[in-house]
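Here is the structure we will look at, set down as structure tokens.
Every number here is computed from the coordinates shown, using simple stated rules; none is lab data. Source: prediction; values computed, not measured. Glycine also receives a Cβ, built like all others from the backbone with ideal geometry; neighbour counts cover every protein chain displayed.
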Amino acid sequence: MKITITNKNKNALLNRTEISFKVEDTKVPPSRKEVREKIAALENTKPEQTIVSKISHNFGSQDIEGTAKVYDSIEALEKIELEYMIGRNKGVKKGKEAAAEEAPAAPPKPEAAPEAKGEKKAEAKAEKEAPKAEEKKEAPAEEKKEEPKAKEKKEGDK
């Protein structure tokens with residue numbers, strides 16, 4: 001993997017250097033961590049002070065373009081950058097995956113005594129059967145009575 005810096009601007013107001021780069025000679029798109037470490041090495045800074053904000057490539061092309069920001073200090077980075085972007089560059093997982101990993105394993109629930117289980121099952125069966133019986137009683141079969149068709153008399157028939 002070869003990284004070439006295409007544009008470099010110093011932003012004194014935000015205490016950072018904004019970099020545009022191009023990644024060449026790679027068959028698989030690199031991770032943010034790999035790009036971050038390479039850019040930090042090129043700029044002679046720590047990877048903790050570098051944020052890779054964008055990595056993109058066009059379909060069918062092996063060239064990858066992106067932008068990065070190298071801060072003068074970690075304090076400036078934490079003050080200016082959004083937390084989700086810092087998390088992306090550190091490799092923090094989000095959503096359900098993170099919640100599953102962060103949540104401690106729940107202690108196993110104590111099982112009820114076998115007698116209690118049997119009683120609960122019997123109660124559940126009785127509750128299920130009761131509504132079925134009520135439905136049958138409430139909805140008696142109604143027979144449809146057909147009215148005899150009146151014979152139509154025509155003027156010609158007598």
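Here are a few things to note about the model shown:
- Cβ-based exposure ranking for 70, 92, in which fewest neighbours within 10 Å come first: 92, 70
- Oblate is the label for the range 2-95, because a/c, from the alpha-carbon gyration tensor with a ≥ b ≥ c as root eigenvalues, is 1.5 or above and a/b does not exceed b/c.
- A simple spin-label model places pseudo-atoms 7 Å from Cα toward Cβ; at residue 83 and residue 58 they are separated by 3.9 nm.
- Normalised contact order of the range 26-78, rounded percent, pairs of Cα under 8 Å and 6 or more residues apart: 31
- ³J(HN,Hα), Karplus 6.51/-1.76/1.60, whole Hz, each residue of the range 61-72, x for Gly, Pro: 9, 9, 7, 10, 10, x, 10, 9, 10, 10, 8, 6
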